[in-house]
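*Asks:* I have a structure I would like to understand better, so I am pasting it below and will then ask my questions one at a time.
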Amino acid sequence: MAASDETSIIAKGAKAATPRNDAPHHGAVMHVERSDFTELVPENRAPVQGMDGFDPCYSDIVDYIIRCTHKIWDERDIGLIYTHYTHNVVLYLPTSTIYNREDVVRDTIQRLVSLPERRGNATQVIWNGNDKDGFYTSHLVTGSGRYTQNGHYGPANGRPFVSRTVADCMIHRNKIYREWVVSDQMAILLQLGLDVDAYAEKIAAARLSQGFKQLDIGEVGLMLGQYPPTDTPDLSLAHNDIERETLSWLHDVLNRKMFGRIRDVYAPTAMYHGPLMKELYGTASVTHQMLGLIGSFPDAVFAPQHICSTPCNEGGVKVAVRWILEGHHLGYGILESLGAPTGKHVKLMGITHYHYKNGKIVDDWTVYDELSLLVQIKLAQMADKSSFSDVADT
């Protein structure tokens, strides 16, 4: 298919959608992008979509995710977790997984203790679903604050920070039963002036003491023997044309290594809002970031886990993709903290929000945590040393 034909598919997908509303107080599902917070949590707003089983204060799913996040994190009503999460919730983090509600409560308290001044400002919410089958939300948050209280980062130093987080939630009848949170912890550590290697080693040592090890599974499945990567991606996750096209070009770029495709799908003036709070412009910058990420893991497999899209009141459509990049640390790239190639097997969880307008991507918000990769590498190295010591002792 020619590039012009592919671009037209994106354009058709974008134009086919119509915004659900133009103002947050009107009778349709709210938008976040250009609304003040007071407009996002209006009082006594009548329900504008089916919200069977939800608390009556929530008029739509965007209202739900914005309002309950604010209540828990900003108003400190941590106890709402008991009515907004199932007892057996599974919460996936880049370096660990939480398997029950009580641990979610404990983790929330610890984060609020360490960063008591943090405020999480909603940037956008992309969603799909309904109150019968369940909702899926992808909530991009820009958090800021100061490190003013001793906590899991060590002694407080009062330094400010800004970082991005995306939380993807599966929700049914007022309760979150599965959640993926990708928080750019490396951005926070660097802004606080902390020793990144020492912090990663502390986490890795704790994981090793719990019996976790980094296992090398050999080839990660990018190719079958000597065959090249497959030409056709799996599009079963997609619900419409724009989602299918997004999965197609991501497969071309990240699995087939056809980085020139970036020029076809990004606008020349595109903005890239990346990890470590990078703010970059243009297709050359986007290309450098994607090429630099793959450079560290040249055998990596890009595997999308979920995709959804929402019409945007700024025009066009926003698409959220949750993904996994799995491979071996075999090269050099933009991830400078990893140092020289170690050959260790790593898995990177990330979430990206794309804004398509007039058939091109004009904004890309990509969140992943470089710290999680450093922890995995150090954990694998510690496991190697532990195994060597065991063999030497025998």
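*Asks:* Students often check this: by mean Cβ neighbours within 10 Å, which of 52-58, 260-266 ranks highest, and how do the rest follow?
*Replies:* Packing proxy ranking, top to bottom: 260-266, 52-58.
*Asks:* Taking only C-alpha pairs under 8 Å that are 6+ residues apart, what is the relative contact order of the range 241-393 in percent?
*Replies:* So the answer I get is 21 percent.
*Asks:* A further question follows. For I361, what residues show an amide H to amide H distance below 5 Å, using hydrogens built from the backbone and excluding near sequence neighbours?
*Replies:* Placed amide hydrogens put Y266, A267 under 5 Å from I361.
*Asks:* Here is a follow-up. For a 20 Å ceiling on Cα separation, which of these pairs sit above it: K71/K132; K318/K360; K213/K344; K71/K202; K213/K278; K344/K385?
*Replies:* Violating the 20 Å limit, Cα to Cα: K71/K132; K71/K202; K213/K278.
*Asks:* Still on this model: Using just the helices of the chain, give the 222 nm mean residue ellipticity in deg cm²/dmol: DSSP H runs with n ≥ 4 each add -39,500 (n - 2.57), and the total is spread over all residues, rounded to 500.
*Replies:* That calculation yields -10000 deg cm²/dmol at 222 nm.
*Asks:* In a Gaussian network model over the chain where Cα atoms closer than 10 Å are linked, find which of N313, N44, N121 has the largest mean-square fluctuation.
*Replies:* Per the Cα network of the chain with a 10 Å cutoff, N44 tops the list.
*Asks:* Further question: For the chain, list log₁₀ I(q)/I(0) at each q in 0.07, 0.08, 0.10, 0.13 Å⁻¹, using the Debye formula over Cα point scatterers of equal strength and ignoring solvent, two decimals each.
*Replies:* -0.33, -0.44, -0.69, -1.19
*Asks:* While we're here: Can you find, among T246, H139, V265, the residue farthest towards the positive end of the dipole of the range 128-266? Put +1 on the C-beta of Lys and Arg, -1 on that of Asp and Glu.
*Replies:* The residue sitting most towards the positive pole is H139.
*Asks:* What does the charge dipole of the chain about its Cα centre add up to, to the nearest 20 debye, if the Cβ of each Lys and Arg holds +1 and the Cβ of each Asp and Glu holds -1?
*Replies:* The dipole of the chain has a size of about 300 debye.
*Asks:* Follow-up question, since we're still on this one. Starting at the first residue of the range 299-307, write each ³J(HN,Hα) from the Karplus equation 6.51 cos²θ - 1.76 cosθ + 1.60 with θ = phi - 60°, in whole Hz, x for Gly and Pro.
*Replies:* 9, 5, 9, 8, 10, x, 10, 7, 9
Just so you know, all these numbers are worked out from the coordinates, no wet-lab data involved. Everything numeric in this text was worked out from a predicted model, so none of it was measured. In this analysis, Cβ positions are derived from the backbone assuming ideal geometry, glycine residues included, and neighbour counts consider all displayed protein chains.
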